[in-house]
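Below is one structure, written out as structure tokens; comments come after it.
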Amino acid sequence: MKFRLAAASAVVSLAFASAAFAAPPVTATLQTPVEAPKRVAAGGAIWACEGTTCVSGGASNDSAQVPVCRALVRKVGPVTSYASSRRAIEGEDLARCNAVAG
């Protein structure tokens with residue numbers, strides 16, 4: 001009985017720990033809207049894109065980084081803004097992100 005209680009406690013603790021370390025969502029504003037809502041895997045995150053907005057989900061680290069931005073731009077085109085609640089990519093970094101657009 002004690003083993004079951006300990007195992008259940010460990011499972012609950014891991015669930016809360018992974019939620020605590022989850023990265024905040026990142027929102028990217030696209031220069032050109034997507035034709036239809038779609039999901040895109042880019043930069044270690046799953047992005048839900050609709051119109052001119054893509055929002056990340058499922059990332060295990062902070063997706064507000066230039067390499068992740070570049071991965072998204074390769075799939076959906078240039079962005080006019082890219083930010084999480086922790087960080088925004090602006091200026092030269094945003095230009096470097098968009099430089100990979102086809």
For Ala95, work out the one condition from (1) part of a helix (DSSP H, G or I); (2) surrounded by 14 or more Cβ atoms within 10 Å (Cβ to Cβ); (3) of a type in the set (A, V, I, L, M, F, W, C) it doesn't fulfil.
(2)
For segment 72-95, name all the residues that are more than 18 Å from Pro33 (Cα to Cα), out of contact with any helix residue (DSSP H, G or I) (no Cβ under 6 Å at 6 or more places or on another chain) and charged (D, E, K, R).
Arg86, Arg87, Glu90, Glu92
Which residues, counting only those in segment 53-92, are in a strand (DSSP E or B) and either modelled with pLDDT of 90 or more or surrounded by 15 or more Cβ atoms within 10 Å (Cβ to Cβ) (or both)?
Thr53, Cys54, Val55, Ser56, Val79, Thr80, Ser81, Tyr82, Ala83, Ser84, Ala88, Ile89
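The values are calculated or read from the model by the stated rules, or taken from the named source; none is laboratory data. In this text the structure is predicted, and so the values were computed from the model without any measurement. Glycine also receives a Cβ, built like all others from the backbone with ideal geometry; neighbour counts cover every protein chain displayed.
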